[in-house]
Each structure stands twice: as structure tokens, then as C-alpha cells.
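To keep things clear, I will list the structure first and then write my remarks on it.
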Amino acid sequence: MHGIQLHIVDYALLSIYFVFVLGIGFALKRSTKTSADFFLSGRAIPAWIAGLAFISANLGAQEVIGMAASGAKYGIMTSHFYWVGAIPAMVFVGIFMMPFYYGSKARSVPEYLKLRFDEKTRAFNAVSFAVMTVFSSGISMHVLAKLLEQILGFNYHLCIAVSAAIVLVYIFLGGLTSAIYNEVLQFFLIVLGFAPLVFLGLKSVGGWEGLTAKLNTVATSRGFAPGTWTESWAHMNSSTANPMGVEWFGMAMGLGFVLSFGYWCTDFLVVQRAMAANSMSAARRTPLIAAVPKMLFPALVILPGMIAIALNQEIGSFLPKDQAGNIDYNMTVPVMLARFFPSGILGVGITALMASFMSGMAGNVTAFNTVWTYDLYQSYIKPGQSDQHYLRMGHIITVVGILLSIACAYVANKFNNIMDMLQLVFGFVNAPLFATFLLGMFWKRATGHGAFFGLLSGTLAAALHHGLTLPVGAVAGIKGGWLCGGHVLHTYPVEMAQNFWAAIYAWSACFIVTIIVSLVTARNKNDEELRGLVYSLTPRIKEEGLVWYKQPAVLAVIVLLAAIALNIIFW
């Protein structure tokens, strides 16, 4: 891989971006006076800003680098992470979940669990979520450090230190509001930075028809049928017929239901953005507004990967190899930037990557400090303190979160496929949590004991599955098989298939155990206490006086029809 040579104009664009980001933090510091301002932006964010921040919080370095890598490795099937694994869940969040979150004024997902179930359920989730956000933040930090090391020639340790310092400064200055406005800025930078990359890349391979022909060669050279890299559903009758190694049920249940709903409905990183909206109506519209650009993002983040693997097939050594001699898919984006971007535009591309990284880091760290301060520190360590005390703790734990992220970045340095690792983490945390939420929202008989032991069982089921299975070609250890000394019960074609089934087992175990334990234990909340927390006990919201295009139900139908159309077009 050839290094990227930056010129004065590129450095100028990078400098302007960082000055602007830090300037936002300084400007917002004056209005960040209470813990509510720092953690929830004082609930004064307009719907369109909250909507873009909702999608941008999910558009970190992990998605930009990971989805491009997956586009090269799996082809158009990666679009399932959007059209199947995001849009339906985002609609569900807007229509059903936001009235519960926003109406209860819960400041975090664990706090909602306390209101619906009990203290131990909240504590279990708060701890697991804190671990997940720090690990996720560390992956973002690692990805950026590797990018800078490869494309700019900086020392890896220096890259880690500089990036951590910048994120720390602007979160410290402005809290969630700072993170939200920076996320909106980076949303536009991603679009401006990657749209030219797609255009230039497509032009070089002869447009969509030329790309399709080249990807058919990629598919047949790897033992798959022509069209495997350009058709999303046609080759899902068997797990051996497609590069993702999963059949339609594993995809629909594992990704389309468990992982996607588990992520979008229960991950405070994304829900926090909608809760910052200035009204219930705006909060409900937030994920629906965000679903529109989300549907189109495969063109920006997956297509470059598909172009890269086509060029790799044609040229022979377009993508670099890792130490094991396999294609290093994680380097897809920097290789494409080096190939197609001239000076100036290259600065925009690099700045877009930096913005992407800032979003991933900031989103996870702000969610981490909120959950720690409200759900662990205030509840169990120092209850009854002043608001200023908790604001100071928020600042302190932000520093701690950054330091823990640095440690996790060095752990992530041991992995070569960030998207596979991320989905594994989500399977452990979000999959069982979604089963708990589903029963808690729609079954008033679910008890606190049921929820707690359900979550515990789901997490243990994910661990058991991981310990007894292994992807093809992997060594027992980090990727599985650690429970039986390498003598696994099942071998999956690739890591992603293993992740989808881990999520299915985790969700199923939590769902079943929660029901059984709830039936044999007494209810700990009466109907009055559950009002506004269980669907059957909550008054229906009437959106009166809203024009048709602002009504959540109308927006939801439009979004779902568009997602169905995209699935059919690329079937």
C-alpha cells in the first residue's frame, strides 16, 4: 500500500476542523452549568439536530472502516446491516420505545430498567453497558491510531495519546451538547468526504455494470455463484452459498431481529440523542428522521469496499495483506483514499475519517460517564449529593473513561476484524437485554427477579455458545472454542455467522428464563407503578395539530416502504 502524501491544503483542512470542534466546546461551556445540561443537553435540542446526531452517533470510525471492510469481504450482503438490521428497529424505537423513555424522564436505559423492574436489574445492565461502551470506544481509538500510523506515518502510541486528548478536551468542555453538535458537523463531513470517493471509484471500474461484472469474477474465483457480491437475498438458501456464511433464518432472526432491535432499542449511546429532543413529538420523530439518511449510507460506506475488492481482483495486490498473508480488509478505506483522492479533496477525506473517529469515541464516552454517574455512583456510592458534585464526577469519570479506552485500544490491537468483534460484544450485551425490554414493555407480569436472572442467563448462554464453537480456520481462544480445549461442538463458515447465532441463543435463553422465573415469583410492581412503562397501561399519544409529514406514524410507513423497495431492488 502506498502512503498518502498530505499537502499544505490538506493540513489546513484538518487544522480548521479541529479548531472548529474545540471552538464548539468552548462556546457551549458557558451554557453547560448543571448536570442535566452536561448529560442530556437540558433537553433543548431541535428534532432535526437530534435526528442527525442519532444517526451520527452510530456513524463512528467502526462503521465507516468496518462496513467498507465488510463490503469488500461480504459484498452487498453487508447492506443487511442497514435495510434489515437497522430501519425496522429504528421505526420501532420511534413509535413504541420513545414514549416510554421520554415520558418517564429516565436519564438512561438502566434507569428505565429500575423503574420497570428493580435495582439489581438496573445495576447488572449498568455494569455490562459500561464495559461495552469503553471497549467500543477503545476500538474506535485503535482504528484511528492504525489509520494515522499507516497513512500519515505517525507513531501508534503518539496517535493514541493525541486523539484521546482532543476527544477529552471537547467532551470535558461541553458535555453531550458538544458531542451532539460535533456529530452533526461530522455527518456532513462524511457525506462530503466519501461521495467523491464513490463517484471516482465507480467511474474507474466502468459504473455499476462494470462493477457487477468484476464482482462476478470475484464470486466465481472464491467458489460462489455469479451475483453473490451484488445480490443481497438471492443466495441465502444455504450458509455455504454466500460469503457471510449464514442462511436466511440466521440473518433475519440474528441480525434483523435480535442484534438490530437490541442495539437500536436499548443502547443508550443512540437513545440518548433522541432523549435530548425538545418535546415528546420531536423525540419520536428523531429515529424516523435518522432512518432516511441511514437507508442511503450503504452507497457511501459499503460501495467503496465492493469497488476495492473488484480492483484487487483485477490488479492483484490493491489491498494489503496482514501478517498471516490474508487480505487486510480493515485497510480498505485508506487504500481507496490513496488511490483516488488528489490534494485538497484528500484533506476532506482524511477530515471525514477524523470526524468519524470523534463521533465513535465521543458517543461512547458521553454514554459511559452518564451511566456511571447516575446509575452507579449516585445510586450506590454517593447518593444525596449536590448537583455540582455530580457534575464534577461527570468530568472526572470522563477522564477515567478515556484512560480505560486507551487500555482497550491496545487490546483491540490484537484483532484484525473490528466488525466481527463488535457484533460479538453486542451479542453478549444487547441481545439478552432486548428480550428483557420486550417482555417488560408488553407483559406486565414480568418481575424484577425474572428480568435479572433472564439477563444473567442470556449473557451466560452467549458465553457458553462462544466457548463451544469456532469459525473455520480460527485457533481456539479469543474467537471461541476456549471452553473445551479446541474440541468444538460446531464450526461456522465465518465469524459473522457465529455472532448471529450467539445473539439468537442469548436472546432465547433470556426470554425463556425471564418468563419462567416471572411466573414462579410475585409481582414487585402494581399496575399504578407500571403506568407509562408497560404498553397496555399507557395512554395512547395523540399527535394533534401536527401536519401530516410530522406525524410519526406517517413517517414510519414511508420509511418502511422505502426499506422494502431497496431490498427488492437489490434482491
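The values are calculated or read from the model by the stated rules, or taken from the named source; none is laboratory data. As the structure is a computational prediction, the values presented were derived from the model and not from experiment. Ideal geometry is used to build each Cβ from the backbone, glycine not excepted, and the neighbour counts take in all protein chains shown. Ligands, DNA and RNA are excluded from the accessible area calculation, which covers all protein heavy atoms including side chains. Shrake-Rupley method; radii C 1.70, N 1.55, O 1.52, S 1.80 Å.
Observations on the model:
- Considering only alpha-carbon pairs that sit under 8 angstrom and 6 or more positions apart, the relative contact order computed for the chain is 28 percent.
- Farthest positive-ward along the chain dipole, Cα basis, beta-carbon charges - from Pro539, Gly486, Phe341: Pro539
- Cβ-based net charge around Asp322, under 12 Å, with every Lys or Arg adding one and every Asp or Glu removing one: +1
- Taking the Cα centre of segment 232-369 as reference, the dipole from Cβ charges on Lys and Arg (+1) and Asp and Glu (-1) amounts to some 460 debye.
- The spacing between segment 113-142 and segment 214-228, judged by their C-alpha centroids, is 41 Å.
- Among the protein heavy atoms of segment 473-517, carbon and sulfur supply 71% of the accessible surface, probe 1.4 Å, non-protein parts ignored.
- Within the shell defined by Cβ-Cβ distances under 13 Å, the residues around Thr447 carry a net charge of +4, with Lys and Arg each +1 and Asp and Glu each -1.
- Placing unit charges on each Cβ (+1 for Lys and Arg, -1 for Asp and Glu) gives the chain a dipole about its Cα centre, and among Thr133, Ile171, Tyr377 the Cα reaching farthest toward its positive end belongs to Tyr377.
- Simple label model, 7 Å out from Cα along Cβ direction - Val191 to Ile568, nm: 2.7 nm
- The phi-based Karplus calculation (6.51 cos²θ - 1.76 cosθ + 1.60; θ = phi - 60°) puts the 3J(HN,Hα) values of segment 380-393 at 10, 9, 9, x, x, 8, 6, 4, 4, 4, 6, 5, 5, 4 Hz, whole numbers, x for Gly and Pro.
- Per DSSP, loop GluC sites (Glu not before Pro) in segment 487-556 with at most 11 further Cβ within 10 Å: Glu544
- Stokes-Einstein diffusion of segment 304-454 at 37 °C, 0.692 mPa s viscosity, Kirkwood radius from Cα pairs, rounded to a whole number: 166 µm²/s.
- Of the trypsin sites (Lys or Arg not before Pro) in segment 410-455, those whose Cβ has at most 13 other Cβ within 10 Å and which sit in DSSP loop: Lys414, Arg445
- Summing Cβ point charges (Lys, Arg +1; Asp, Glu -1) relative to the Cα centre of the chain gives a dipole of roughly 960 debye.
- In the chain, the DSSP-assigned H stretches of four residues or longer account for a calculated mean residue ellipticity at 222 nm of -22000 deg cm²/dmol, using -39500 (n - 2.57) per stretch and the full residue count as denominator.
- If you model segment 423-571 as an ellipsoid using its alpha carbon gyration tensor, with each semi-axis the square root of five times an eigenvalue, the axes come out at 36, 27, 9 Å, biggest first.
- Summing +1 for each Lys or Arg and -1 for each Asp or Glu among the other residues whose beta-carbon sits under 10 angstrom from that of Val494 gives -1.
- The mean accessible area for residues of segment 337-434, using a 1.4 Å probe and ignoring ligands and nucleic acids, is 31 Å² per residue.
- Burial order of peptide ranges 77-83, 292-298, 480-486 (average beta-carbon count within 10 Å, highest first): 77-83, 292-298, 480-486
- Rounded accessible area of Trp264 (nearest 10 Å², 1.4 Å probe): 10 Å²
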